[in-house]
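Okay, structure first, notes after.
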Amino acid sequence: MSVNKEHKEFHALDMGVGWETPPGYPSGIAQKILSGALDEKGKRGTRTRLLRFAPGEFTTAPFVHDYWEEVYLVSGD
């Protein structure tokens, strides 16, 4: 399976800007899209993003995706 995504390598990120609350998430959860273009309704594309939770924030229902997603916990529990 090939991945059709722009090649970006070793670039700096401004962690202070570009964060937004994804649809359906509480306001204390924010994402920063790093690359790709995901069409969730059309079930096409790819996306690489950072997702951060403010202290004490959590989701109350599981999110089910029609696409592959990997999750890495950097810190917290």
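Values quoted throughout were computed directly from the atomic coordinates according to the rules given, and no laboratory measurement underlies them. Note that this is a predicted model, so its numbers are computed, not measured. For neighbour counting, all protein chains shown are included, and Cβ atoms are generated from backbone atoms with ideal geometry for every residue, glycine included.
Applying the criteria of a DSSP loop state and at most 11 other Cβ atoms within 10 Å to the trypsin sites (Lys or Arg not before Pro) of segment 27-76 yields LYS41, LYS43. Annotation for the chain: chymotrypsin sites (Phe, Trp or Tyr not before Pro) lying in DSSP loop with at most 11 further Cβ atoms inside 10 Å of their Cβ are PHE10, PHE58, PHE63, TRP68, TYR72. Entry for segment 12-53 at q = 0.14, 0.16, 0.26, 0.35 Å⁻¹: log10 I(q)/I(0) = -0.35, -0.46, -0.98, -1.18, Debye formula applied to identical alpha-carbon scatterers, no solvent contribution. Building the convex hull from the alpha-carbon atoms of the chain and averaging its projection over directions returns 6.5 nm².
Diagonalising the gyration tensor over the Cα atoms of segment 37-77 and scaling each eigenvalue by 5 before taking the square root yields semi-axes of 23, 13, 9 Å, largest first. For LEU73 and PHE10, the difference between the fully extended length at 0.36 nm per residue and the C-alpha to C-alpha distance is 20.6 nm.
Near the amide H of GLY28, within less than 5 Å, lie no amide hydrogens of residues on another chain or at least 5 residues away, with H placed in the peptide plane.
Cross-link partners of LYS8 among lysines, defined as those whose alpha carbon lies under 24 angstrom from its own and excluding same-chain residues fewer than eight positions apart: LYS32, LYS43.
Sites listed here are GluC sites (Glu not before Pro) in the chain whose DSSP assignment is loop and whose Cβ has at most 10 other Cβ atoms within 10 Å: GLU6, GLU9, GLU69, GLU70.
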